[in-house]
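FYI, it's all coordinate maths here, none of it is from the lab. Quick caveat, the model's predicted, so the values are computed rather than measured. FYI the Cβ positions are ideal-geometry reconstructions off the backbone, even for glycines, and counts take in every protein chain you see.
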């Protein structure tokens, strides 16, 4: 009991901690939190709006190639989907590498995609 009293008294007599002057936090500018160039492998496309929050990203399927961020080639085998833009679509939500929500509103999307029939065209588009 006496040791606790001395320890409490010591803590009250200790000099206060040095205060840091107020500094504004650094401003971080990010256009999108999702990098479409890193998405490949098995993909499950979610269309149910109730499960949008469980998805990795929100995507809009662009009808024109000129305004897309990512050109996607549909692979049949998951083993060959090993680069950006090479996606192997799966029916099982739990076994996919990425769950991506497809939206009808372009303004809500993190990035846009366009499907291509040529494997060598798949990948990120230069900005």
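Mind checking which residues of segment 37-58 are farther than 14 Å from residue 96 by Cβ and assigned to a strand (DSSP E or B)?
Listed by number, the list holds a single entry, 58.
Can you tell me which residue is nearest to residue 125 (Cα to Cα) among those in segment 68-84 that are out of contact with any helix residue (DSSP H, G or I) (no Cβ under 8 Å at 6 or more places or on another chain) and assigned to a loop (DSSP other than H, G, I, E, B)?
It comes out as 68.
With respect to the numbered conditions (1) farther than 18 Å from residue 125 by Cα; (2) surrounded by 17 or more Cβ atoms within 10 Å (Cβ to Cβ); (3) out of contact with any helix residue (DSSP H, G or I) (no Cβ under 6 Å at 6 or more places or on another chain), which one is the sole condition not fulfilled by residue 101?
Here residue 101 clears every test but (3).
Which ones in segment 35-45 are touching a helix residue (DSSP H, G or I) at 6+ places or on another chain (Cβ under 7 Å) and on the phi < 0 side of the Ramachandran plot? It would help to see each step written out before you state the result.
Just the residues of segment 35-45 that are touching a helix residue (DSSP H, G or I) at 6+ places or on another chain (Cβ under 7 Å), to begin with: 41-42.
Once the filter is applied, which keeps residues that are touching a helix residue (DSSP H, G or I) at 6+ places or on another chain (Cβ under 7 Å) and on the phi < 0 side of the Ramachandran plot, segment 35-45 yields only 42.
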